[in-house]
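Asker: Submitted below is the structure of interest, expressed as structure tokens.
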Amino acid sequence: MSKPQPPRWLRPMNKLMIAMQRLGVQTGPAMVLTVPGRKSGKTRSTPMTPFDHDGATYTVAGYPGADWAANARAAGVGTLTRGRKSRQVRIVTLSADESRPVLRAFAIKVPVGVRFAKRSGLVVDGTPDEFERLAGRLSVFRFDPV
């Protein structure tokens, strides 16, 4: 099975989402995570859809090996922005076992993420069971207040 690749339209769409957020325009549930790059140290921003589960806020990397996920893991801290509101967060990488219930919740709470995973071939139906089986393959992060 080949490694799923992001669609060509994703990078320009991400740039548009980031630009809209910088103008103070909220884009649905999406937020922008900004972290220092692990090699360059330059700030890197990526849109994502964090969600709440059991009193904490999480996000899931849509592709195995996503650059933003490697940067987030290396940085350990970042800024989450929605519209003109920003907050500092500590970024905690979950183990495969810790991520299982979060991935199950993702399948229910983040329909846009489910559609994305279905289009990319990561899942077929988008059920909680399918997402749980991705534990250890997809990066799952918890955002803690700083």
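Asker: With a 10 Å Cβ neighbour count serving as the proxy for reagent exposure, in which order, fewest first, do LEU80, LEU33 appear?
Answerer: Exposure proxy ranking, most exposed first: LEU80, LEU33.
Asker: Counting Lys +1, Arg +1, Asp -1, Glu -1, what net charge surrounds SER45 among other residues with beta carbon under 11 Å of its beta carbon?
Answerer: So the environment of SER45 carries a net charge of +4.
Asker: Any idea which of GLY126, ALA75, LEU16 is furthest toward the positive side of the dipole for the chain, if Lys and Arg beta-carbons carry +1 and Asp and Glu beta-carbons -1?
Answerer: Going by the charge dipole, the pick is LEU16.
Asker: Which ordering of ILE18, ILE91, ILE108 is given by a fewest-first count of other beta-carbon atoms within 10 Å?
Answerer: ILE108, ILE18, ILE91
Asker: Quote the FRET efficiency, to the nearest 0.05, computed for LYS39 versus LYS118 with a Förster distance R0 of 30 Å and r equal to the Cβ-Cβ distance.
Answerer: 0.40
Asker: Assuming a ≥ b ≥ c are the square roots of the Cα gyration tensor eigenvalues, decide whether the chain counts as rounded (a/c under 1.5), prolate (otherwise, with a/b larger than b/c) or oblate.
Answerer: rounded
Asker: Cα centroid distance between region 99-132 and region 1-65, in Å?
Answerer: 17
Asker: Taking the alpha-carbon distance from LYS15 and a cut-off under 20 Å, which lysines remain once sequence neighbours fewer than 8 residues away in the same chain are dropped?
Answerer: LYS42, LYS85
Values in this text are rule-based calculations from the coordinates and carry no lab data. Model, not experiment: these values are computed from the prediction. Using ideal geometry, Cβ is built from the backbone for each residue, glycine included, and neighbour counts are taken over all protein chains shown.
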